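Enquirer: Pasting in a structure now, in C-alpha cells, and then I'll have a few things to ask.
The values are calculated or read from the model by the stated rules, or taken from the named source; none is laboratory data. The structure displayed is predicted, hence computed values, not measured ones. Cβ sites come from the backbone with ideal geometry, for glycine too, and all protein chains shown count toward neighbours.
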Amino acid sequence: MITDDLLSALPPGRLVTDPDQVAAYCHDEHSYVTPGRPLAVVVAHEREDVVAALRWASANKVAVIPRGGGTGIVGGTAPVDGCLVVSLARMTAIRELNPEDEIAVVEPGVLNADLDRAAREHGLMYAPDPSSYETCTIGGNIATNAGGLRCVKYGVTRESVLGLEAVLADGSVLRTGRRTLKGVVGYDLTALMIGSEGTLGVVTEATLRLRPAPRKPPVTVAAEFPTVRRAAEAVWAIVRSGAGPSLLELMDRATLEALDRWRNIGLEAGTAAMLLCQADGADAKDAADEMARCCHAAGAALVAVSEDEEEAAQLLAVRRAAFNAISRLGSCLIEDVCVPRSKLPEMFDSVAEIAARHGLPVPTVAHAGDGNLHPVFVFDRELPEIPAEVWAAADEVFRAALALGGTLTGEHGVGTLKRHWLGAELGAESLAAHLAIKRALDPLGILNPGKAI
Ligand SMILES: Cc1cc2nc3c(=O)[nH]c(=O)nc-3n(C[C@H](O)[C@H](O)[C@H](O)COP(=O)(O)OP(=O)(O)OC[C@H]3O[C@@H](n4cnc5c(N)ncnc54)[C@H](O)[C@@H]3O)c2cc1C
C-alpha cells in the first residue's frame, strides 16, 4: 500500500486508515463543502510526526490538509480526494509559561481557553478570544488569524504571536520570529505564516505574548436602541471618544429574538439592537461612563452601567450564545465582512436592504468595535446545499463591504468558500505575488490545495 512507507516512519498508532475513523477528521463546522476522501490521517503527537508526514507527502506528491479543532466555518479543513490529513489536536503541551517575560511557548493543539486559564494562574491572560475558545486550537487560530471579543483592545491573533516553528512542504523545519516584543531582522515570516490557512506550512510550535489580566472586574455598559443605525453610530462615537473599550459588541433585533426564543432574555418590543460595551483597567469606571454618554447621545432607549461581575458574565454568555441561538432557526451561512468603523452605519443599512430585497432572514452580530459584521444567512435545513439566492445576497454583501473600503473576511478566513471573490479584493498584482510566495514555499502545491488563495 502507498502508505506503508509512512506507517514505518511513524511511531505506532499515529496513522489512521480505517475509513470510519478517517471520516471523523473530514468535517469542520461548515458542512456545506462536500469533503473528499482522504487516504489516511496522521494524528501527530510531536513535531517529528509532522516532519515524517510532509516528507512522505512531498515524495509521493500527496496533498496535506492540516487540522486543529475543526471549528473553522469556511471549509478550510475540507479534505480533497487522496489527501493526507495531519491532525495537530493531540499536540497539547504548554511547553513554557514565563511570567517574567509574559510569554508562553505552546504546541499547536492547545485549546485557546486552556492557554488563557493557565496564564491566569500567573495573573496573566491570552488576549485573543474567539467565541469558539473552548474548542478551537492555537494552531488553527494562527492559521486563520482569529479575532474575538477582546480584540478591540488587545488586537487579533497576529498581535499576540512573537514567533513560530512550522514544518514546510518538504519536511524541513522553519523557525520564525523571536521571544522579544520588538525585532526587525529579516522579512517578517511570522506575519506571513499567520492567516495563511495551512497553505504555507504546518505550525508545530508558537511563542505567544501574554498580557497582564485586569486586576479588577470590568465595568459593563448594556444599551438598547430603537434602530440598528443608532447603535452603529454609538459604536463610532465610542471609538472616537478615546474611551478605549475592551469589548464592543452589537446584536441586531433578529439575533436578540433568536436568543429570546431560546433563552428568554426579556427582550423589549421596541428594541432593534443591543450594544454591549466593557472597559477594564484602572480607569474602567470613567471609560464606561463615557461609553454610556455616547450611547445616550446616539439615541439609546435604555443604558445600564454595571460593575457586577456576575451580571457582566451573564451578558457575555448571552453574546457568546448568539450563533447557537441563530442556528436553531435553520441552516446558516455565517458571513464575516469588515469595514472601516466610520462605515458601520452604512454597512448595517446595506445588509438590511439586501436581506429585505432577497426576502431572507439575516440576523447580524458584530464585533462592532473592529467594524467586523457577521451577517448570518438562514435557510431551510432540508436543503442539501447553500441555495443560489443566499449566495446572490451574500455576493451583494461582499461587494457592499468592498465598496465601503472593507474586506471579505475579518477573521474567519477565505477557506474554500470565498476564493471566488479573492480577485475582487486583492487585484491581479497582489494575487500574482501571493502565487509566487506559494510556489517558493510549496513548489509542488501540496499544502491545503484549493484553499485561501
Ligand atoms: C461557534 C463558533 C464561533 C466562532 N467564533 C469565532 C470568533 O469569534 N472569531 C474567529 O476568528 N473565529 C471564530 N470561529 C471560527 C473558528 O473557530 C476559527 O477560525 C478558529 O481559529 C479555527 O481554529 P481550529 O483549531 O478549529 O482550526 P481548524 O478549523 O481545524 O482549521 C482552520 C484552518 O487552519 C488550518 N490549520 C489548523 N491548524 C493548523 C496548524 N497547526 N498549522 C497550519 N494550519 C493549520 C486548517 O488547515 C484550516 O485552514 C467560530 C466558529 C464557531 C463554530
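Enquirer: State which residue is farthest from the ligand (Cβ to nearest atom) when the search covers only segment 316-343 and only residues that are among the charged types (D, E, K, R) and at pLDDT 90 or above.
Expert: Out of the qualifying residues, it is LYS343.
Enquirer: Which condition from (1) surrounded by fewer than 18 Cβ atoms within 10 Å (Cβ to Cβ); (2) at negative phi is the one that LEU162 breaks?
Expert: Against the list (1) surrounded by fewer than 18 Cβ atoms within 10 Å (Cβ to Cβ); (2) at negative phi, LEU162 comes up short only on (1).
Enquirer: Scanning segment 31-89 for residues that are closer than 23 Å to CYS332 by Cβ and touching a strand residue (DSSP E or B) at 6+ places or on another chain (Cβ under 6 Å), which turns out farthest from the ligand (Cβ to nearest atom)?
Expert: Top of the filtered list is PRO79.
Enquirer: Would you check which residues across segment 396-444 are within 16 Å of the ligand (Cβ to nearest atom) and free of Cβ contacts under 8 Å to residues at least 60 places away in the same chain and list them?
Expert: Of everything in segment 396-444, those that are within 16 Å of the ligand (Cβ to nearest atom) and free of Cβ contacts under 8 Å to residues at least 60 places away in the same chain turn out to be ARG419, LEU422, HIS434.
Enquirer: Still on this structure: With respect to VAL184, determine if the residue is free of Cβ contacts under 8 Å to residues at least 12 places away in the same chain and either within 16 Å of the ligand (Cβ to nearest atom) or aliphatic (A, V, I, L, M) (or both).
Expert: yes
Enquirer: Let me ask something additional. Being more than 28 Å from ARG67 (Cβ to Cβ), surrounded by fewer than 20 Cβ atoms within 10 Å (Cβ to Cβ) and at pLDDT 95 or above is the filter here, so list the residues in segment 186-224 that pass it.
Expert: GLY186, ARG211, PRO212, ALA213, listed by residue number.
Enquirer: Let me ask you something else. Among the listed residues VAL228, VAL303, VAL221, which satisfies the condition of being away from the ligand (no atom under 16 Å from the Cβ), more than 21 Å from ALA127 (Cα to Cα) and in contact with a Cys (Cβ under 8 Å, 6 or more places away or on another chain)?
Expert: Just a single option satisfies the conditions, and that option is VAL303.
Enquirer: Moving to a separate point now. Give, as residue ranges, the helices (runs of 4 or more DSSP H) completely inside segment 253-330 that count at least 3 residues that are within 27 Å of LYS216 (Cβ to Cβ) and in contact with a helix residue (DSSP H, G or I) (Cβ under 8 Å, 6 or more places away or on another chain).
Expert: Output list reads 284-297.
Enquirer: Of the conditions (1) crowded, with 24+ Cβ neighbours inside 10 Å; (2) of a type outside the set (Val, Ile, Thr); (3) at pLDDT 95 or above, GLY75 satisfies every one except a single condition; which number is it?
Expert: Of everything listed in (1) crowded, with 24+ Cβ neighbours inside 10 Å; (2) of a type outside the set (Val, Ile, Thr); (3) at pLDDT 95 or above, GLY75 misses just condition (3).
Enquirer: Next question, about the same structure. From VAL22, VAL85, grab the single residue that is in contact with a Phe, Trp or Tyr (Cβ under 8 Å, 6 or more places away or on another chain), at negative phi and either small (Gly, Ala, Ser) or touching a residue at least 60 places away in the same chain (Cβ under 8 Å) (or both).
Expert: VAL85
Enquirer: Got a number for residues in segment 370-384 being over 19 Å from ALA400 (Cα atoms) and touching a residue at least 40 places away in the same chain (Cβ under 8 Å)?
Expert: Counting residues in segment 370-384 that are over 19 Å from ALA400 (Cα atoms) and touching a residue at least 40 places away in the same chain (Cβ under 8 Å) gives 5.
Enquirer: Related question: For segment 144-203, name all the residues that are under 21 Å from LYS61 (Cα atoms) and hydrophobic (A, V, I, L, M, F, W, C).
Expert: ALA166, VAL167, LEU168, ALA169, VAL173, LEU174, LEU200, VAL202, VAL203
Enquirer: Looking only at segment 51-67, decide whether some residue is at pLDDT 95 or above, buried (at least 24 other Cβ atoms within 10 Å of the Cβ) and in a loop (DSSP other than H, G, I, E, B).
Expert: No - not one qualifying residue is present in segment 51-67.
Enquirer: I'd like to check something: does segment 235-249 contain any residue that is of a type in the set (Val, Ile, Thr) and in the same structural domain as ASN112 (by TED's automatic domain parsing)?
Expert: No, because not a single residue in segment 235-249 is of a type in the set (Val, Ile, Thr) and in the same structural domain as ASN112 (by TED's automatic domain parsing).
Enquirer: Moving on to the next point. Which of the helices (runs of 4 or more DSSP H) found entirely inside segment 100-163 contain at least 3 residues meeting this: within 8 Å of the ligand (Cβ to nearest atom) and not charged (D, E, K, R)?
Expert: 138-144
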